[in-house]
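Report on the following structure.
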Amino acid sequence: MTKKSATKAAEKNKKLLVGIDLGTSRSAISADNGNKKWVESYVGWPRDFIARKVVGKPVLFGEEAVAHRLSLDIYRPLKNGVIKEGTARDEEAVKELIRHLLTLVRPDSDDAKVRAVVGVPAESFKVNKVALKKAVAEFAESLLVVSEPFAVAYGVEALDNAMVIDIGAGTVDFCIMHGTVPTEDDQRTVLTAGDYIDQQLENFLRERYPEADFTINMVRRFKEEYSFVGEPPSEVKVEIPVEGKSTQHDITDEMRRACESILPAIVETTLELIAKFDPEYQDTIRENIILAGGGSQIRGLADYLEQAIGEYGPTTIKTVEDPLFSGADGALALAREMPEEYWTDL
Ligand SMILES: Nc1ncnc2c1ncn2[C@@H]1O[C@H](COP(=O)(O)OP(=O)(O)OP(=O)(O)O)[C@@H](O)[C@H]1O
Ligand SMILES: [Mg+2]
């Protein structure tokens, strides 16, 4: 082969490796060309031809979709951590979301074949494998679907005697790592996560301030700015309109109660998973717990859990550095290192 044709052949075989974190509220992609992007997991199609004219695009994503929600049929396809079965539109939405994520990291000229590792909530991993395969088939030549906490664990090299707790919007996913690829037995899912905190906070606020005028989106923004558990770091005061007039409201107690509402299930599930593990390694795992996902940013969370779980023996809890990309980065690391036989050809 001449040098020129060899380069050409190499170009033809060039593969773009990507790690994708498909989340209920946010989805992220990390590619081996160095690009990283994320988008809120909303997909919206214009409702009619007027809407289409107004928004000027056949399909919208993320914040842009939310901003135009009145003109769109809008989907959050992974509600509760799984692709809603039997709803063609949700499957279609997942597919569009993946297409969109790929266009975000891929230069226009790049026609390299894509190899994708997709991390999904643990429940989705069980029930949605076929749907995911369909969703990715058009854009990638090979695929590997893994559970989200496993992707995170791989990314931070917590492969042995460690536990990852991924606190997302729809689910909290737990995974024990013990030096092999984790099985279903090593994983648990709890359905009270970020979205549940939002609902609780909304209820508490409606009860205390019936005259205040707010939406669930505002409640989520309050939470993302001021979330905490345990002793309040400071008073939480937010502006909420009352009869059209912007008014300050103290929401410290409500914030604390809402954020703490997900803790009992987290503590219980952690203890359960550890108790069922080989007794000789239980202490080591307890000292190697890693929090990931957007919910890991709740202030005071690691300390609180360290104390609660610490009643059962010495406990160390760390939080990943970049909750937004730790899943996608871990999935990319897997894409780089996964032996051939693990991949599914599409
Ligand atoms: N500072 C913060 N404090 C508390 N919660 C936060 C903060 N920042 C983000 N969140 C919450 O984290 C959740 C999103 O986290 P993440 O992106 O890990 O979820 P996801 O992957 O979309 O969900 P899932 O894993 O359940 O599919 C949302 O509920 C969001 O409101
Ligand atoms: Mg997630």
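Since every read-out is calculated from the coordinates, none of them should be taken as a lab result. These numbers were taken from a predicted model, which means no experiment stands behind them. Ideal geometry is used to build each Cβ from the backbone, glycine not excepted, and the neighbour counts take in all protein chains shown.
One table, with the values for the structure above:
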{"item": "Out-of-range pairs (alpha-carbon distance over 28 Å; input Lys134/Lys223; Lys36/Lys129; Lys57/Lys223; Lys79/Lys237)", "result": "Lys134/Lys223; Lys57/Lys223; Lys79/Lys237"}
{"item": "Of Ala193, Ile176, Phe204, farthest towards positive along the dipole that unit charges on Lys, Arg, Asp, Glu beta carbons give region 141-218", "result": "Phe204"}
{"item": "Qualifying chymotrypsin sites (Phe, Trp or Tyr not before Pro) for region 139-188 [loop in DSSP, other Cβ within 10 Å: at most 13]", "result": "none"}
{"item": "Burial ordering of Ser27, Ser234, Ser41, Ser261, fewest other beta-carbon atoms within 10 Å first", "result": "Ser234, Ser261, Ser41, Ser27"}
{"item": "Mean separation of Cα contacts under 8 Å, 6 or more apart, over the residue count of the chain: relative contact order %", "result": "20"}
{"item": "Residues with amide H under 5 Å from that of Val236, placed H, sequence gap 5 or more", "result": "Ile251, Thr252"}
{"item": "Protection proxy ranking, peptides 288-297, 190-199, average beta carbon neighbours within 10 Å, highest first", "result": "288-297, 190-199"}
{"item": "Computed magnitude of the charge dipole of the chain (debye, nearest 20; Cβ of K, R +1, Cβ of D, E -1)", "result": "1860"}
{"item": "Cross-link partners of Lys245 among aspartates and glutamates (Cα-Cα below 19 Å; sequence separation of 8 or more within a chain)", "result": "Glu211, Asp213"}
{"item": "Karplus-derived 3J(HN,Hα), 6.51/-1.76/1.60, for each residue of region 137-153, Hz, glycine and proline x", "result": "3, 5, 10, 10, 9, 9, 9, 9, 9, 10, 7, 3, x, 5, 4, 4, 4"}
{"item": "Dipole-positive endmost among Ala302, Asn33, Val152 within the chain (Cβ charges, Cα centre)", "result": "Asn33"}
